[in-house]
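Here the structure comes first, spelled out in structure tokens, and everything after it is commentary.
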Amino acid sequence: MAFIDSIIEEKPESQAMTGNEPARLADWLVLLGFVALCLGAAALGGIFTLPGLGIWYHRLHKPPLIPPRWTLGPIWVALYLIMAVAAWLVWRRRHAHRVAIPMALFAEQLILNVAWPAVFFTLRKPALAAGEVVLLWVSILINVIAFRGISTAAATLMEIYLLWVTFVAALTIMIWRLNA
């Protein structure tokens, strides 16, 4: 509960000093923008996933750790929402910190996130997807480090995402090795 409180109470320096209502409204609108961006990335990833969910995916040898397909959508939506909040928390600190590089790193990992289902499911290249997911993992780790200097809460949220991508990377590598 303390972590949730820290996210809600984490105010940008500009608001802490002014209490400006239009600035608060703008902050919430920017949060909605980050949510739309991240859910848009999720939708694009879903479009790339669909071509590979048929016979090709069914015939792949998969490790027993694969979660049921029905769980993946809700997990990814939650993670995209977490990413949106993390980016928003960093953006809110833009007046006191240089956020251009951390936000560019965020965009980079988001692009790599969308690329993984394109490589794995659309191109049907598990070996290439294994390499791509390692790049994604490194990109997220760098993003966590960059966010930590601005917002501990944002970095912690991104760590949750990093943990899931660690699992996804392990599964991708196992699928590649089982089907090589």
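Within the stretch 45-59, identify whether any single residue is buried (at least 16 other Cβ atoms within 10 Å of the Cβ), at pLDDT 90 or above and either in contact with a strand residue (DSSP E or B) (Cβ under 8 Å, 6 or more places away or on another chain) or among the hydrophobic types (A, V, I, L, M, F, W, C) (or both), and answer yes or no.
Yes, there is a match, as at least one residue in the stretch 45-59 is buried (at least 16 other Cβ atoms within 10 Å of the Cβ), at pLDDT 90 or above and either in contact with a strand residue (DSSP E or B) (Cβ under 8 Å, 6 or more places away or on another chain) or among the hydrophobic types (A, V, I, L, M, F, W, C) (or both).
Here are some conditions: (1) in contact (Cβ under 8 Å) with a residue 40 or more places away in the chain; (2) farther than 30 Å from Ala26 by Cβ. Ala155 meets all but one. Which one does it not meet?
Ala155 satisfies all of (1) in contact (Cβ under 8 Å) with a residue 40 or more places away in the chain; (2) farther than 30 Å from Ala26 by Cβ except (2).
Can you spot a residue in the stretch 122-138 that is polar (S, T, N, Q) and farther than 20 Å from Ala180 by Cβ?
Looking through the stretch 122-138, none of the residues is polar (S, T, N, Q) and farther than 20 Å from Ala180 by Cβ.
Tell me, which helices (runs of 4 or more DSSP H) lie completely within the stretch 45-141 with 3 or more residues that are within 14 Å of the chain's Cα centre (by Cα) and of a type in the set (A, V, I, L, M, F, W, C)?
Output list reads 69-91, 100-117.
Within the set of pairs 6 or more residues apart or between chains, which connect a residue that is in contact (Cβ under 8 Å) with a residue 60 or more places away in the chain inside the stretch 61-85 to a residue that is hydroxyl-bearing (Ser, Thr, Tyr) and surrounded by 12 or more Cβ atoms within 10 Å (Cβ to Cβ) with Cβ atoms less than 9 Å apart?
These pairs meet every condition: Leu79/Tyr161; Ile82/Tyr161; Met83/Tyr161.
Can you tell me which residues in the stretch 54-92 are closer than 16 Å to Ala42 by Cβ and either touching a His at 6+ places or on another chain (Cβ under 6 Å) or of a type outside the set (A, V, I, L, M, F, W, C) (or both)?
Arg69, Thr71, Gly73, Pro74, Tyr80
Could you list all residues from the stretch 91-104 that are surrounded by fewer than 21 Cβ atoms within 10 Å (Cβ to Cβ) and not β-branched (Val, Ile, Thr)?
Arg94, His95, Ala96, His97, Arg98, Ala100, Met103, Ala104
Tell me which residues, restricted to the stretch 67-90, are more than 16 Å from Val114 (Cα to Cα) and exposed (fewer than 13 other Cβ atoms within 10 Å of the Cβ).
Listed by number, the residues that qualify are Pro67, Pro68, Arg69, Trp70, Thr71, Pro74.
Among residues belonging to the stretch 141-180 that are surrounded by fewer than 18 Cβ atoms within 10 Å (Cβ to Cβ) and aromatic (Phe, Trp, Tyr), point out the one that is farthest from Trp76 (Cα to Cα).
Phe167
The values are calculated or read from the model by the stated rules, or taken from the named source; none is laboratory data. These numbers were taken from a predicted model, which means no experiment stands behind them. Positions of Cβ are generated from backbone atoms using ideal geometry, with glycine treated the same way; all protein chains shown enter the neighbour counts.
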